[in-house]
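S.K.: Right, I'll just put the structure down here and ask away after.
No lab work stands behind these numbers, since they all come straight from the coordinates. Bear in mind that the values here come from a model prediction, so they are computed numbers and not experimental data. Positions of Cβ are backbone-derived with ideal geometry, glycine not excepted, and every protein chain shown enters the neighbour counts.
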Amino acid sequence: MENTFKPSCMICTYGAPVLRKKSMRITAFDAALSELAHSMLERMYGAHGVGLAAPQIGELIQLVVIDLQQAGENELVFQDGRSLPISLVQPLYLVNPSYTPIQDLQVEYEEGCLSLPNVRGKVKRFFEIVCTYQDLEGNAHKLQCKDWLSCCIQHECDHLNGVLFIDHLSKAERNEQRELLKEIQAFGGQFDYATLTETEA
Ligand SMILES: [Zn+2]
């Protein structure tokens, strides 16, 4: 079927109830899932993001897309026991993802989120994880990764549980963002990144 629908860059933003709900496991690995995943990726690129979880476009299903793009080109990951450059596993489509830390070490990065425009905050996450997930055909995979990709997967998995990165901030840090959060809530629960010019995004 020809699809003439041009995806917008509409993203659910802070205040939208869907961002606080738990997502359901995906059981149907069909063309509709694949179409949705690809439109999510387009929307993510359009909004200049590096990761997007299905609840951020209003779908309460366990689906995540990630593409760090230029970041960590030389870094290696282990996918299903094979060592690969990070660029070869991206874009990543993660269906029903979950993760386990493989060491206690944590790192702190300043994070942002397409659902929280302009909000930034330092979040501590596990440096290295093994992520278990399925691809769009339903095949099971294991991805062992470090550093920013590891943090990004943890951020996106949080979305599937209704958790936002601001939930990890200290009370003082979150207070600092209070006015900005109110402004975002005034968007009414969604924001179209397509309305931004290149320089604003
Ligand atoms: Zn996010």
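S.K.: Return the single residue from A172, A28, A54 with maximal mean-square fluctuation; model: Gaussian network over the chain, springs between Cα atoms under 10 Å.
M.R.: A172
S.K.: Additional query: Can you check how the C-alpha radius of gyration of the chain compares to 2.2 N^0.38 Å, as a plain ratio?
M.R.: Dividing the Cα Rg of the chain by 2.2 N^0.38 Å gives 1.00.
S.K.: Extending each Cα 7 Å along its Cβ direction at L105 and D135, get the distance between those two points in nm, one decimal.
M.R.: 2.9 nm
S.K.: How high is the relative contact order of region 9-65? Use alpha-carbon pairs under 8 Å, at least six apart in sequence, and give a whole percent.
M.R.: Over region 9-65, the number comes to 48 percent.
S.K.: Over region 10-195, what is the relative contact order in whole percent, taking alpha-carbon pairs under 8 Å and six or more residues apart?
M.R.: That works out to 30 percent.
S.K.: Using 0.36 nm times the number of residues separating S87 and Q70, minus their current alpha carbon distance, what extension gain do you get?
M.R.: Values: separation 17, 0.36 × 17 = 6.12 nm, distance 0.82 nm.
My answer for the length gained is 5.3 nm.
S.K.: Give me Rg/Rg_expected for region 23-141, where Rg uses Cα atoms only and Rg_expected = 2.2 N^0.38 Å with N residues. Spell out each step's value before the answer.
M.R.: Values: Rg = 14.6 Å, N = 119, 2.2 N^0.38 = 13.5 Å.
It is 1.08.
S.K.: Let me ask another. Once the Cα gyration tensor of region 42-90 is diagonalised, what are the square roots of 5 times its eigenvalues, in whole Å and ordered largest first, as equivalent ellipsoid semi-axes?
M.R.: Computed over region 42-90, the values are 24, 14, 6 Å.
S.K.: Assuming a strict under-21 Å limit between Cα atoms, what lysine pair count do you get for the chain once near-sequence pairs (fewer than 8 apart, same chain) are dropped? Can you show the working numbers first?
M.R.: Numbers: K21/K182; K122/K146; K122/K171; K122/K182; K124/K146; K124/K171; K171/K182.
Final tally of qualifying lysine pairs is 7.
S.K.: Between the DSSP loop rule and a limit of at most 16 other Cβ atoms within 10 Å, which trypsin sites (Lys or Arg not before Pro) in region 113-191 are left?
M.R.: Loop-located and lightly packed - R120.
S.K.: Rounded to the nearest 0.05, what FRET efficiency do A172 and F78 give with R0 = 41 Å and r taken as the Cβ-Cβ distance? Could you check?
M.R.: FRET efficiency, A172 to F78: 0.60.
S.K.: Using the count of nearby Cβ atoms within 10 Å as a rough guide to exposure, how do S83, S34, S23 rank from fewest to most?
M.R.: If I rank by nearby Cβ atoms, fewest first, I get S83, S34, S23.
S.K.: Let me ask another. Exposure proxy check: T13, T100 ranked by fewest other beta carbons within 10 Å?
M.R.: Going from least to most buried by this count: T100, T13.
S.K.: What is the fewest-to-most order of V89, V50, V130 by other Cβ atoms lying within 10 Å of their Cβ?
M.R.: Lowest to highest Cβ neighbour count: V130, V89, V50.
S.K.: If you don't mind, another one. So what's the back-of-envelope 222 nm ellipticity for the chain, counting only DSSP H runs of four-plus at -39500 (n - 2.57) apiece and dividing by all residues, rounded to 500? Don't skip to the end; give the middle numbers.
M.R.: Values: 5 runs with 48 residues, N = 201.
Taken over the chain, the calculation gives -7000 deg cm²/dmol.
S.K.: For F29 and V163 in one chain, what is 0.36 nm times their gap in residues minus the Cα-Cα distance, to one decimal in nm?
M.R.: 45.7 nm
S.K.: Quick one: net charge around E110, please, counting Lys, Arg +1 and Asp, Glu -1 for every other residue with C-beta under 9 Å from its C-beta.
M.R.: So the surrounding residues net to 0.
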